[in-house]
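The block underneath contains the structure these notes are about, expressed in structure tokens.
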Amino acid sequence: MNEATIRKWYEVFKNNKELVEIRVVGDRSYSGYFKDVETIIQSIKPYDNYNIYFTLNAIDEACYSRKQRDKMEFKAPSSTSDNDIIGRTWCLIDIDVDKPAGTNSTDEEKELAKPIVNEIYKFLRNEGFSKPVICDSANGFHLLIKQAMLNSPENSAIMRDFLLVLDMLFSTEKVKVDTSVFNASRICKLYGCYSRKGSNTPDRPQRESTILKVPDEIVATPNEFFKKVADMLPKKEVPSKVNNYQSDNFNLSEFISEHNIKIRNIVRSSSYTK
């Protein structure tokens, strides 16, 4: 555990004062609500061999009155739900390598993620997004973009589609953009703590997560920028006069064969073939 990094995390992500839930995940689960980083550090020291996470977004202050106030509680009766989030303050873009569940990435696998991180960074910059905080998640990388977005079903749908577009544009056979992290109560790796997902082996070591780069000024990206990217997600064609009231029957394989198009590689997901 790196206490200096944890102090930097609380300054960057919680402005040294905001309410946060810390969640310990392993064979036993713990939860605690805090508003002081020194209390956090002392409270999580006994759990250094576990995976430790924090809530990304702004929590209703009433949650600070729960049983686990300023302490870690085993099997706490309540933890942060989507309904407890009063605003989206951070967008998490999680870039990870495709590997067996419950394992750490190799050094070579982790290196494969770096070009994808750079491509996404440049794409968002060109779309007008504010500079993100860049973090090492231990097995991959995180881009975290400051937001000032209300928590609503409509905004959750926008953030879901936003990540789906990044996945569609940038995921490869080996490197994936995680499309599941759009929910408002999302937890994220606590930077300064180790990832304990897999055994600590020479080829797949346990690594410490850390903060790599913080912009000189952290500025919230306007909500319409997220929607602009989200709207790039292809929609299924609806029968209309324009298409002679036919639904989309385009066959990608036939098109490739008919035009003798050479294929370098194919990326498939449940939503698309690229």
Any chance Glu254 is out of contact with any strand residue (DSSP E or B) (no Cβ under 6 Å at 6 or more places or on another chain), surrounded by fewer than 12 Cβ atoms within 10 Å (Cβ to Cβ), in a helix (DSSP H, G or I) and at pLDDT 95 or above = no
Kindly indicate whether any position in region 107-126 is surrounded by fewer than 18 Cβ atoms within 10 Å (Cβ to Cβ), part of a loop (DSSP other than H, G, I, E, B) and in contact (Cβ under 8 Å) with a residue 24 or more places away in the chain.
-> no
Would you be able to say whether some residue in region 133-148 is open to solvent by 30 Å² or more (accessible area, probe 1.4 Å) and of a type in the set (S, T, N, Q)?
-> no
Would you mind stating whether Thr55 is hydroxyl-bearing (Ser, Thr, Tyr) and in contact (Cβ under 8 Å) with a residue 60 or more places away in the chain?
-> yes
When you look at Leu212, is it open to solvent by 20 Å² or more (accessible area, probe 1.4 Å), touching a residue at least 12 places away in the same chain (Cβ under 8 Å) and of a type in the set (A, V, I, L, M, F, W, C), yes or no?
-> yes
By residue number, the members of region 164-184 that are part of a loop (DSSP other than H, G, I, E, B) and open to solvent by less than 20 Å² (accessible area, probe 1.4 Å) are Ser171, Val181, Ala184
Test: residue in region 31-46 that is touching a residue at least 60 places away in the same chain (Cβ under 8 Å) and not hydrophobic (A, V, I, L, M, F, W, C) | no
Unmet requirement for Leu92, which otherwise passes all of (1) open to solvent by less than 60 Å² (accessible area, probe 1.4 Å); (2) assigned to a loop (DSSP other than H, G, I, E, B) | (2)
Starting from residues that are out of contact with any helix residue (DSSP H, G or I) (no Cβ under 7 Å at 6 or more places or on another chain), outside any strand (DSSP E or B) and among the aliphatic types (A, V, I, L, M), keep the ones in region 45-76 and report whichever is nearest to Lys189 (Cα to Cα).
-> Leu56
On the given criteria, is Ser130 part of a loop (DSSP other than H, G, I, E, B) and either without any contact (Cβ under 8 Å) to a residue 24 or more places away in the chain or of a type in the set (A, V, I, L, M) (or both)?
-> no
Exactly one condition in (1) at pLDDT 95 or above; (2) farther than 29 Å from Pro132 by Cα; (3) surrounded by fewer than 17 Cβ atoms within 10 Å (Cβ to Cβ) is not met by Ser81; state its number.
-> (2)
Which residues, counting only those in region 14-44, are in contact with a helix residue (DSSP H, G or I) (Cβ under 8 Å, 6 or more places away or on another chain), part of a strand (DSSP E or B) and of a type in the set (D, E, K, R)?
-> Glu21
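The values are calculated or read from the model by the stated rules, or taken from the named source; none is laboratory data. This one's a predicted model, so the numbers in the text were calculated from it and none came from an experiment. Heads up, the Cβs are rebuilt from the backbone with ideal geometry, glycines too, and the neighbour counts pull from every protein chain shown. Surface areas here come from the heavy atoms of the whole protein model, side chains and all, with no ligands, DNA or RNA. Shrake-Rupley method; radii C 1.70, N 1.55, O 1.52, S 1.80 Å.
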